[in-house]
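I have placed the structure first, in the form of structure tokens, so that the comments after it can refer back to it.
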Amino acid sequence: MARILITGMSGAGKSTLLAELAARGHLTVDTDYDGWEQISDLLAEHGDLVVSGTAENQGQFYDRFEHVILLSAPVETLIERVATRTNNPYGRTPEQQDEIRRYVREVEPLLRRGASLELDGRRPVRELADVVESLSVDEDAMHYVDHEPGAWFLVEHDDALYLDARYTYSALIDDSALIRLTDRERHDYLARGRDSIGELAAAVHESAPYRPTSVFHERDLYRSPEGRRWRQRVGMAIADHAWIRRQNSALFPPEARRQAP
């Protein structure tokens, strides 16, 4: 999945497009109403996020989005839309409409230079949402490679291999560490197969990676500032695996799900 910013002038259709994406199940934030204060935390926590808005300081967030989309339309289309919309009073007065014309001349070219894609806001909203969704598909996805039930999962992304190794010592200490394989560990896996991964997972477990003294403590990506995002990405990679489905079915059988309030 991807983190996407949709920007543009008033009347371009940002809020309408955002509503369509929200209806399709995407996490969305309209900064025209919610502000930018929470954006930094949301970007750190979510790999699938669509943000809409235009602000002077938005450029400082550009490097945290996979895509920045400029939604544009002819200025007279913008004026017609803002004059008749009911969800936002801005744009109804002649002074505000003149301001929009000035922003199109002075601000929109700056937005265009920072955008990775420009879309015509006159297109049907469903078509625009389809384009945005196409950018999200597998943009940042990890993929299942192999696993040992209850012990480890191996996933890959962009030619790199990652080991999710479970460690459990008590009811209070039951977690996983995510280790990116070094070149040596990767070559060992290619030469020896899953035996090498089993040995690496055992080494992670035996080292107690939650302790700072563990050689794997600093390598554990789940302990990094992006730890929540790493967990989400790995979770998505393995969520549809047959073994996971069997575990979920055993814990939450269909009859229990039907009876849940």
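Each reported figure results from applying straightforward, stated rules to the coordinates on display, with no laboratory input. Predicted, not measured: the structure shown is a model, and the values here were computed from it. Positions of Cβ are backbone-derived with ideal geometry, glycine not excepted, and every protein chain shown enters the neighbour counts.
In terms of other Cβ atoms within 10 Å, 207, 10 run from fewest to most in the order 207, 10.
Whole-Hz Karplus values for the stretch 226-236 come out as 9, x, 5, 5, 4, 4, 5, 5, 5, x, 5 Hz, taken residue by residue from phi with 6.51 cos²θ - 1.76 cosθ + 1.60 and θ = phi - 60°; glycine and proline positions read x.
Provide 216, 61 in ascending order of the number of other Cβ atoms located within 10 Å of each residue's Cβ, fewest first.
So the residues, fewest neighbours to most, are 61, 216.
In whole Å, what is the distance between the alpha-carbon centres of the stretch 1-59 and the stretch 117-182? Result: 21 Å between the Cα centres. Taking other Cβ atoms within 10 Å as a rough exposure proxy, 86, 28 sort from fewest to most as 86, 28. Computed from backbone phi with θ = phi - 60° and the Karplus coefficients 6.51, -1.76 and 1.60, the 3J(HN,Hα) list for the stretch 87-95 is 8, 7, x, 5, x, 8, 8, x, 5 Hz; x is used for glycine and proline. Amide hydrogen proximity for residue 2: with H placed 1.01 Å from N in the peptide plane, the residues at 5 or more positions away or on another chain lying under 5 Å are 49. Proximity of backbone amide H atoms, modeled 1.01 Å from N, is registered between residue 46 and no other residue at under 5 Å, excluding neighbours fewer than 5 places apart on the same chain. Using alpha carbons only, how many degrees (0 to 90, rounded to 10) separate the axis of helix 194-206 from the longest principal axis of the chain? For helix 194-206, the angle is close to 90 degrees. When both bridge partners sit in the chain, DSSP labels roughly 55% of those beta bridges antiparallel.
Estimated from the Cβ-Cβ distance and a Förster radius of 45 angstrom, the FRET efficiency linking residue 174 and residue 84 is about 0.20.
Our coupling estimate for the stretch 5-19, obtained by passing each phi through the Karplus curve with A = 6.51, B = -1.76, C = 1.60 and θ = phi - 60°, is 10, 10, 10, x, 6, 4, x, 6, x, 4, 5, 5, 5, 5, 5 Hz, Gly and Pro reported as x.
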